[in-house]
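Contents: one structure, followed by commentary.
The values are calculated or read from the model by the stated rules, or taken from the named source; none is laboratory data. Model, not experiment: these values are computed from the prediction. Here the Cβ is made from the backbone with ideal geometry for all residues, glycine too, and neighbour counts use every protein chain on show. The accessibility values were calculated without ligands, DNA or RNA, using every heavy atom of the protein model including side chains. Shrake-Rupley method; radii C 1.70, N 1.55, O 1.52, S 1.80 Å.
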Amino acid sequence: MIQKEEISILVLYTGGTIGMMQDPKTGALVPFDFDNIYKHLPVLQNFGYQIDFYSFDPLIDSSNMSPDFWAKLASKITENYEQYDGFVVLHGSDTMAYTASALSFMLENLNKPVVLTGSQLPMGVVRTDGRENFLAAIEIAAAKEDDTAIVPEVCIFFQDQLLRGNRTTKFNAENFNAFASTNYPGLAEVGVHIKYNKERILKPNFKKLKLHTNMDRNVGILKLFPGISEEFVCHALRTPGLKAMVLETFGSGNATTAAWFLDALKEAIDRGLIILNITQCKGGSVEMGRYETSLDMARIGVVSGYDLTTEAAVAKLMYLMGEGLSRQKVLELLPVPIRGEMTVPD
Ligand code: ASP
């Protein structure tokens, strides 16, 4: 049985609303000084864990998040991996789902929790949601059973839901309940008790953590709409340097059957571009060939992204291409779940 004091958590603060408080002199929102955290949140002591803090410099609004920052974050976790039982990443909510998706690919063989959280109201505001989010994230990062982390994966905790990071999307800019994972059930519900859905959580493989920091940025997103012009599609597909395009299609992976559209896709694929089909719908999966409107895309070599979120699709492409794999290998791995990011029907 592990003593509570033996559990150690590293909190990594990247920026975002959660770490803000009102400057008593000016009234403006300024980043919170985590050196004084126990003064502001004395309840943290009641956990009885060793909690250490690391703040990135500069702190950023998550709208400025980048693959370079992901590399720094993933490297910091890796450097400290052996010393801590779990990690909490305080992050702006705007691009949290992208960061969670990216970290899930960058941290191969993760056997410890990496819990991202943030808030809609700053920590220093009376009605903040940051306090509850932060405290629950710490508790989840520390949770163990038989000396093994209960949630050894990258996840997002927001309001009362623990969600798999690479299945999550920010869907509300106003509500405290800001994230959804429509295609994969929550990993835990947090109320009076934290109820873990253990059969939904990835199992640890006890292998050595392997860090990947090369993310290839030559990825684009093309969201279809009725009336989209040939010029726009052709320009987008001919973006210099572009290696992969995430195609956000209608419903179960459908698109116009107009000859110009299929010709443009085919010409791009023949040039070596990877085209990954995901749905614009918030839930459900691409099923290429179900309708005539996706049959031709399958025929010319568009790859099914099944139920990938946009965030996970972008991160997976950046990761696979960043590994320097051949185009053929990337095409083979795209429709295969490698971090629990997608469900492929039998
Ligand atoms: N714009 C902020 C950010 O994402 C919003 C937030 O923190 O939730 O950094």
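At q = 0.11, 0.14, 0.15 Å⁻¹, what is the log10 ratio I(q)/I(0) for the chain, with the Debye formula run over Cα points and no solvent?
For the requested q values the scattering log ratios are -0.73, -1.10, -1.22.
On the protein heavy atoms, probe 1.4 angstrom, tell me the percent of accessible surface of region 225-273 carried by carbon and sulfur.
Exposed carbon and sulfur together represent 61 percent of the surface.
Of all beta bridges DSSP finds with both residues in region 47-197, what is the antiparallel percent, to the nearest 5?
65
Is the shape of region 178-236 rounded, prolate or oblate, going by the alpha carbon gyration tensor and its root eigenvalues a ≥ b ≥ c, with a/c under 1.5 for rounded and a/b larger than b/c for prolate?
Oblate.
Need one word for region 152-261: rounded, prolate or oblate. Basis is the Cα gyration tensor (sqrt eigenvalues a ≥ b ≥ c); a/c below 1.5 gives rounded, then a/b vs b/c decides.
prolate
How high is the relative contact order of the chain, in percent, with contacts defined as C-alpha pairs under 8 Å that are six or more residues apart?
Across the chain, relative contact order equals 15 percent.
If the limit is 18 Å between Cα atoms, which of LYS144/LYS203; LYS207/LYS316; LYS112/LYS198 go over it?
In this structure, LYS207/LYS316 exceed 18 Å between Cα atoms.
Can you give me the relative contact order of region 111-172 as a percent, contacts being Cα pairs under 8 Å and 6 or more apart?
Result for region 111-172 is 36 percent.
What does the charge count around LEU135 come to, taking other residues whose C-beta lies under 14 Å from its C-beta (Lys +1, Arg +1, Asp -1, Glu -1)?
Residues close to LEU135 contribute a combined charge of -3.
When only Cα pairs under 8 Å and 6 or more residues apart are kept, what is the percent relative contact order across region 78-133?
It comes to 35 percent, rounded to a whole number.
Within region 246-282, report the trypsin sites (Lys or Arg not before Pro) that DSSP leaves as loop and that have at most 11 other Cβ atoms within 10 Å.
Sites meeting the loop and neighbour criteria: ARG271, LYS282.
So how do 60-66, 316-322, 221-227, 103-109 stack up, highest first, on mean other-Cβ count within 10 Å?
316-322, 103-109, 60-66, 221-227
Would you please classify the overall shape of region 66-164 from the alpha carbon gyration tensor, given that a ≥ b ≥ c denote the square roots of the eigenvalues, rounded means a/c under 1.5, and beyond that prolate means a/b larger than b/c while oblate covers the rest?
Oblate is the answer for region 66-164, as a/c is 1.5 or above yet b/c matches or exceeds a/b.
Under a 1.4 Å probe, what is the accessible area of the chain per residue, stated in Å²?
46
Ranked highest first by the average count of other Cβ atoms within 10 Å around their residues, in what order do 153-162, 196-205 fall?
153-162, 196-205
Taking each pair of distinct Cα atoms in region 216-346 once, what is the resulting Kirkwood hydrodynamic radius in Å?
Kirkwood hydrodynamic radius for region 216-346: 14.6 Å.
For the peptides 76-84, 137-145, what is the packing order when you average, over each peptide's residues, the other Cβ atoms within 10 Å and list the highest mean first?
137-145, 76-84
Under a point-charge model restricted to the Cβ atoms of Lys and Arg (+1) and Asp and Glu (-1), what is the dipole moment magnitude of the chain relative to its Cα centre, in debye to the nearest 20?
Value, rounded to 20: 320 debye.
How big is the antiparallel share of DSSP beta bridges in region 164-294, given as a percent to the nearest 5?
Expressed as a percentage, antiparallel bridges in region 164-294 total about 35.
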